[in-house]
1. Condition first: among the hydroxyl-bearing types (Ser, Thr, Tyr) and open to solvent by 50 Å² or more (accessible area, probe 1.4 Å). Now tell me which residues in the range 104-155 satisfy that.
2. Identify the residue in the range 353-387 that is in a helix (DSSP H, G or I), in contact (Cβ under 8 Å) with a residue 40 or more places away in the chain and open to solvent by less than 50 Å² (accessible area, probe 1.4 Å) and, among all such residues, is nearest to ASP42 (Cα to Cα).
3. Please enumerate the residues belonging to the range 69-83 that are closer than 11 Å to GLU36 by Cα and open to solvent by less than 10 Å² (accessible area, probe 1.4 Å).
4. Pairs needed: first member in the range 21-34, basic (Lys, Arg); second member anywhere, open to solvent by 10 Å² or more (accessible area, probe 1.4 Å) and at pLDDT 95 or above; C-beta distance under 6 Å; at least 6 residues apart or different chains.
5. Looking at ALA167, ALA234, ALA178 in this structure, which one is among the aliphatic types (A, V, I, L, M), in contact with a helix residue (DSSP H, G or I) (Cβ under 8 Å, 6 or more places away or on another chain) and over 30 Å from GLU124 (Cβ atoms)?
6. I need a count of the residues in the range 33-86 that are over 20 Å from ASP109 (Cα atoms), outside any loop (DSSP other than H, G, I, E, B) and of a type in the set (Asp, Glu).
7. Return the residues of the range 293-309 that are open to solvent by 70 Å² or more (accessible area, probe 1.4 Å) and within 36 Å of the chain's Cα centre (by Cα); say none if nothing qualifies.
8. When you look at PHE277, is it assigned to a helix (DSSP H, G or I), over 30 Å from ARG357 (Cβ atoms) and in contact (Cβ under 8 Å) with a residue 24 or more places away in the chain, yes or no?
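The values are calculated or read from the model by the stated rules, or taken from the named source; none is laboratory data. All values derive from a computational prediction rather than experimental measurement. Methodologically, a virtual Cβ is constructed for each residue, glycine included, from the backbone with ideal geometry; neighbour enumeration extends over all protein chains shown. Please note that ligands, DNA and RNA were not included when accessible areas were found on the heavy atoms of the full protein model with its side chains. Shrake-Rupley method; radii C 1.70, N 1.55, O 1.52, S 1.80 Å.
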Amino acid sequence: MQPLKGITVLEFSQYLAGPYAGLRLADLGARVIKVERPGSGDACRSLATKDLWVDGDSLLFHTINRNKESFCADLKNPHDLNAVRQLIAQADVMTHNFRPGVMEKIGLDYTSVKALNSQIIYGEVSGYGNEGPWVHKPGQDLLAQAVSGVGWLSGNRSDGPVPLGLAIADMLCGTHLAQGILAALVRRKKHGIGAKVQASLLESMVDFQFEGLTTYLNNGRQLPSRSEIANAHAFLGAPYGIYQTSDHWIAISMGPLGPLAEALQCPALNKSDSEAFSQRDAIKAVLAEHLCTQTTDHWMTRLNAAGIWASEVVDYDQLLHHPAFKAVAMELQVSRPASSADHSSPEKSAVTVNTTRCPLRINGQRFTSTKAAPRLGEDTDHIRNSLLESANQREAAQ
C-alpha cells in the first residue's frame, strides 16, 4: 500500500527543488500533475546535463519528473486559468517556485487559493525567503551554495572556495518541502485545516551546515580552517580524510590515533586526542606519506582487523558493480512510448531511462514505478474531461 494513494498534487514548480519534492510525493503514491506552460513547459525540459536528451526532453527532466502527469495551461489565459482553479478546488497539495509577487499577479497566491480550497496544502519554494536584500536574487543552486558558506568546507586549505559537485541546495530544499507538506497533511487529517509550507535554498543550506555553524557560534566565532592535506571535515582532527595509497585511495574516519598507529605499524602517529587537533596537519602529512607505501587492500586488511573505521574509495563504475549496491536494489528503469520524432529505427516503440528509485522502505516495501516523465501536455485532455465530468456530477447532485 502506497501511503499517499488518493492524494493529488498540482506542481507549478520548475527546474529541481519543487519538482524533487513532487518526485518524492509521487514515489509514495500521490498523483502529481505538472501544470506547464504550453509550447515550452517546465524550463527543465531544456536544461541538459552532459548534453543528454531523451525523446525531445533533457535527461535531467526525465530524472526528476518520472511518474507524473502533464497538464498544459496558459495562466494568462482566462479560460485556462479557470480550469486550473477547478483543479485547485479538487487538489490536496499545490507547489510553486515562482519569484515573490508572481502568484499574487496571477491570483494564485495562498490567500486566493485558500478561498478556493480551505484545506489545501500550499507549498512554496524560494531562493532566499520572502524578505531581505536577496529576495530577487536568482534562486539557483550554485549561487545559493556561494552565499551559504559551504564553499569554505571542501578542498584543502590552499584551494579557493570549492562547491559541492551536486545540486545539493535544490535536493535538500525539495526534501524539506516534502517533509513540511507531509507534516501539514497529517495535521489536516487530525484538525481539518490547510497550511502554507515554505522552504528556501538558503535556509536548507544553513540547516545542512547546522553542525559547523553551531561549532562556529559556540567557539568564539572562529572561521573553519581546512586541513593542508586530506581535508574532509574542517572541524575534525587527524586522521579524518582521504589518502592516496600505492595503487588507489583510502578513507580513514575518526578515532584515537594510538590504535591506528599500531595497526599501520607507524609509531609517529601515536598522539593524544588533543594533539590530533593541535597537530592535525603534521599528523596527516605523516599518515599520507606512510599510506603511499602499500596498496589499499593491504591497509584495509590491517585496519579492518583492528576495528578501525576505514573504507576503500570507489567510483560510479565500481559502486554499480559492487554486491553491496546490488543488495539495496537502487537501480530503476522507466519508459514511455517513443514519439514519432524519436523513431530512429522501425522497431523502436519506447524510450527508456535508467535511474534510481525512491530511497525509502516502509515495512520492507521498496517504492518503484516504471512510468517515465510525461511528454508535454500528454494528460491535458484526460484531465480536462475529468474536470467536466466532476462538474457535471456536482450539478446533478444539486
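1. Scanning the range 104-155 gives THR111, SER118.
2. THR380
3. Answer for the range 69-83, where residues must be closer than 11 Å to GLU36 by Cα and open to solvent by less than 10 Å² (accessible area, probe 1.4 Å): SER70, PHE71, ALA73.
4. As it stands, the answer is ARG31/THR8, since those pairs meet every condition given.
5. On the way: ALA167 fails: over 30 Å from GLU124 (Cβ atoms); ALA178 fails: over 30 Å from GLU124 (Cβ atoms).
From the options ALA167, ALA234, ALA178, the qualifying one is ALA234.
6. Of the range 33-86, the ones over 20 Å from ASP109 (Cα atoms) are 38-41, 43-70.
Restricting the remaining residues to those that are outside any loop (DSSP other than H, G, I, E, B) gives 43-46, 53-54, 57-64, 69-70.
Pick out the ones that are also of a type in the set (Asp, Glu) and you get 57, 69.
The total comes to 2.
7. Hits for the range 293-309 are ASP297, THR301, ASN304, TRP309.
8. Working: assigned to a helix (DSSP H, G or I): yes; over 30 Å from ARG357 (Cβ atoms): yes; in contact (Cβ under 8 Å) with a residue 24 or more places away in the chain: yes.
Considered against the rule, which asks whether it is assigned to a helix (DSSP H, G or I), over 30 Å from ARG357 (Cβ atoms) and in contact (Cβ under 8 Å) with a residue 24 or more places away in the chain, PHE277 comes out as yes.
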